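**Student:** Below is the structure I would like to discuss, written out as structure tokens.
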Amino acid sequence: MKPSQPTLFDGDRMDLSDAIEITANSLRAYAERYNYWAIAFSGGKDSSALLTVVAYLIASGRVPRPKKLIVLYADTRMELPPLHATAMILLEEVRALGVETRIVLPELDDRFFVYMLGRGVPPPSNTFRWCTAQIKIEPMLAALKSLRDEAGEKFLMLTGVRLGESAVRDARIALSCSKNGAECGQGWFQEATPESVADTLAPILHWRVCLVWDWLMEADLTDKFGFHFSTKLVAHCYGGDEAVEINARTGCVGCNLASRDVALERVLQYPQWKHLQPLMELRPLYAEMKLPKNRLRKDGTEARRDGTLVSKPCRMSPLTLEARMEFLDRLLSIQKRASVDLINSVEEVRIRELIAAQTWPRGWKGSEQLASIPFANVNPDGSVQPNLEGIL
Ligand code: SF4
């Protein structure tokens, strides 16, 4: 780690071995109360640290082995490719230590590109964020509920939630947004797992972010802890030492809600991931998708059940069928040039099927006018403003 200016209080700071001991104690305190333990693994830094430290503590005998430890990996299909590849390696490494692993995928029609191109829903935005629940939270909740049914009893869910070093950060942990240091959706999920499904324990709650980086770097050294985990790769995806200073986070590749795709920019600096450069085209492509020329618009008569007009009677929403075909081709080209799997063959077939069947989001017929055609804007009170163009 980068050297920092020592302070009077440095002697009282917890080091990695103290932190691991407290983690072991908290796991031991719960070990006998639950037969089944589960980890909802996202592949991010805290989640990777949690997964590997728990596997290490059990394998080394410092914590009794539960009847079953099951790791559920939330594969959104939108992860940064190096993080996804690393998650796969970590899953293999913990499997070798007797941990059961399962991959949780969103339903085919709910996946990011299938939903967007097949159904025509525009890319997510800060005012219309449909993605987090659909590709991250709901599939994991469904997997946990089925795990609960399988086990026949409530299990213990281990989460990678950590307390920050300030009250503001602690409050932010409860949120699920890409605006803070948590992975998108992770905070919400970890706070909101239904009590009937699992009780939750956060065994790395007390770890500061620098301890997470220390663990990710040191767990990769076999001689340090006696077990090897490929955790250094995770730290690299976040920028290694530098990440300590930038409160690094990752979300979906090309996330349209972040101001920049910092994680992608960072991995592109490594020669082995230079081939991912075409993925930088994703965000501009989403911006283009949102242009009026690619979308339909309501005609100003949309009303609620009580007959009053909705708040935006001339709102713009779905992507036209032609735009969807065009953007599908462009995404397939990005995928080919970047040598990654954004849209697999099953998803591509489904997107084409949905487009051929003229599938529209709920409340749309496809007969609405093109949003780029000049229109008379209708206000919620019914008053009309003539000829406005291309404004939501
Ligand atoms: S990271 Fe971005 S695109 Fe992915 S689920 Fe979160 S908000 Fe949506």
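The values are calculated or read from the model by the stated rules, or taken from the named source; none is laboratory data. Since we're looking at a predicted model, the values are computed, not measured. Every residue, glycine among them, receives a Cβ derived from its backbone with ideal geometry; neighbour counts consider all protein chains shown. Ligands, DNA and RNA are excluded from the accessible area calculation, which covers all protein heavy atoms including side chains. Shrake-Rupley method; radii C 1.70, N 1.55, O 1.52, S 1.80 Å.
**Student:** For region 344-366: of the residues being under 26 Å from residue 306 (Cα atoms) and of a type outside the set (Phe, Trp, Tyr), which is most open to solvent (accessible area, probe 1.4 Å)? Please lay out each step first, then the result.
**Tutor:** Residues of region 344-366 that are under 26 Å from residue 306 (Cα atoms), as a first pass: 360-366.
If we keep only those that are of a type outside the set (Phe, Trp, Tyr) as well, we get 361-363, 365-366.
Values: 361: 19, 362: 226, 363: 52, 365: 164, 366: 29 Å².
By that ranking, first place goes to 362.
**Student:** List, please: which pairs have Cβ atoms under 8 Å, are six or more places apart or on different chains, and start with a residue in region 367-386 that is closer than 15 Å to residue 310 by Cβ and end with one that is open to solvent by 70 Å² or more (accessible area, probe 1.4 Å) and basic (Lys, Arg)?
**Tutor:** Once the first residue is closer than 15 Å to residue 310 by Cβ and sits in region 367-386, its partners that are open to solvent by 70 Å² or more (accessible area, probe 1.4 Å) and basic (Lys, Arg) give 380/312.
Let's see how each residue does on (1) free of Cβ contacts under 8 Å to residues at least 12 places away in the same chain; (2) among the β-branched types (Val, Ile, Thr):
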position: 25; (1), (2): yes, no
position: 30; (1), (2): no, no
position: 36; (1), (2): no, no
position: 41; (1), (2): no, no
position: 46; (1), (2): no, no
position: 51; (1), (2): no, no
position: 54; (1), (2): no, yes
position: 58; (1), (2): no, yes
position: 62; (1), (2): no, no
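**Student:** A further question on this structure: Among the residues of region 86-114, count how many are aliphatic (A, V, I, L, M), under 26 Å from residue 133 (Cβ atoms) and more than 16 Å from the ligand (Cβ to nearest atom). Don't jump to the end; show me each part of the working.
**Tutor:** Residues of region 86-114 that are aliphatic (A, V, I, L, M), as a first pass: 87-91, 94, 96-97, 99, 103-105, 108, 114.
Those left that are additionally under 26 Å from residue 133 (Cβ atoms): 87-88, 90-91, 103-105, 108, 114.
Applying the additional criterion that residues be more than 16 Å from the ligand (Cβ to nearest atom) yields 88, 90-91, 103, 108.
Going through region 86-114 one residue at a time, the tally reaches 5.
A quick yes/no check of all residues on (1) open to solvent by less than 30 Å² (accessible area, probe 1.4 Å); (2) in contact with a helix residue (DSSP H, G or I) (Cβ under 8 Å, 6 or more places away or on another chain); (3) at pLDDT below 95:
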| residue | (1), (2), (3) |
| --- | --- |
| 27 | yes, yes, yes |
| 32 | no, no, yes |
| 40 | yes, yes, yes |
| 44 | yes, yes, yes |
| 51 | yes, yes, no |
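**Student:** Which one of the conditions (1) modelled with pLDDT of 90 or more; (2) open to solvent by less than 30 Å² (accessible area, probe 1.4 Å) does residue 193 fail to meet, given that it meets all the rest?
**Tutor:** Answer for residue 193: the failing condition is (1).
**Student:** Let me ask something else. Among 306, 329, 341, which is the only one that is in the same structural domain as residue 369 (by TED's automatic domain parsing), open to solvent by 30 Å² or more (accessible area, probe 1.4 Å) and under 20 Å from the mean Cα position of the chain (by Cα)? Give the derivation first.
**Tutor:** Details: 306 fails: under 20 Å from the mean Cα position of the chain (by Cα); 329 fails: under 20 Å from the mean Cα position of the chain (by Cα).
Answer to the check: 341.
**Student:** Looking at 122, 81, which one is outside the structural domain of residue 364 (by TED's automatic domain parsing) and over 18 Å from the mean Cα position of the chain (by Cα)? Quick ask: steps written out before the conclusion?
**Tutor:** On the way: 81 fails: over 18 Å from the mean Cα position of the chain (by Cα).
When all the criteria are applied, what remains is 122.
**Student:** In region 259-284, what residues are within 17 Å of residue 124 (Cβ to Cβ), at pLDDT 90 or above and surrounded by fewer than 20 Cβ atoms within 10 Å (Cβ to Cβ)?
**Tutor:** Once the filter is applied, which keeps residues that are within 17 Å of residue 124 (Cβ to Cβ), at pLDDT 90 or above and surrounded by fewer than 20 Cβ atoms within 10 Å (Cβ to Cβ), region 259-284 yields 283, 284.
**Student:** Only one of these is hydrophobic (A, V, I, L, M, F, W, C), crowded, with 18+ Cβ neighbours inside 10 Å and over 19 Å from the mean Cα position of the chain (by Cα): 70, 135. Name it.
**Tutor:** Working: 135 fails: over 19 Å from the mean Cα position of the chain (by Cα).
Criteria check complete, one pass: 70.
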